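A.B. asks: Right, I'll just put the structure down here and ask away after.
FYI, it's all coordinate maths here, none of it is from the lab. All values reported here derive from a predicted model rather than from experimental measurement. Because the Cβ atoms are built from the backbone with ideal geometry, glycine has one as well, and the counts that use them run over all protein chains shown.
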Amino acid sequence: MLPAGKHFDEEKTRDPDAMSEQESTDTSNRTGRVALETLLVSGTQYLKSSSIASIGAPEVFYNLPPRPHVGLRIDVNARQLGDDLPNFEVSLMIQGVGYRTSPTPETPEPETLYNIELIYSGLFALQNAKQDMIETLLLVEAPRQLFPSARHLLLNLIREAGFPVANIQPVDFNALLQSRRAQS
């Protein structure tokens, strides 16, 4: 244990205006996210549509695995609401398939337990956004805000249909946008 005076001296000699590299990076990331969020104003979020189909019910429930494999396909769409208005509806479309086991090279299509589709949308307004930022705000930042609620609804639908729930990790919407650009 350090003597009380020694600890005090070390703190006293540290430049209070100096930031460590980690603190600086954390601050700039937070500042960038706050800047994006102030350009994008979030309104109402809502479930636009959902469906789930239990394949082979009731027999499918006889021997369920404790953690089925879930394959997801996610897409984002944004449409402007009215001409010359900065208001948009952003929709997160999630299609999922619950498999008894994970796909392998030997069985690329394992037994399907359920199919699920969900469209979760939100209303957003842009404030003082530069033209080159609009795509990122609507196709990265807006779905990042929608995803936690959409994931919650998706997992609740799966659970209410009688299936064990798997963990669904956060989505990198920036990577999704880059992939979409590469395909175009």
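A.B. asks: Please give the direction-averaged projected area of the C-alpha convex hull for the range 46-174, in square nanometres with one decimal.
C.D. replies: 9.2 nm²
A.B. asks: What residues qualify as long-range amide H neighbours of VAL171, i.e. H under 5 Å apart, gap of 5 or more or another chain, H built at 1.01 Å from N?
C.D. replies: Those qualifying (amide H under 5 Å, at least 5 residues apart or on another chain) number zero.
A.B. asks: Mind giving me the FRET efficiency for ALA182 and LEU64? R0 is 30 Å, r the Cβ-Cβ distance, nearest 0.05 is fine.
C.D. replies: The pair ALA182/LEU64 has a calculated efficiency of 0.20.
A.B. asks: Contour minus end-to-end for MET133 and ALA161, with contour as 0.36 nm per residue of separation and end-to-end as the Cα-Cα distance?
C.D. replies: Stretched fully, the MET133-ALA161 segment lengthens by 6.1 nm.
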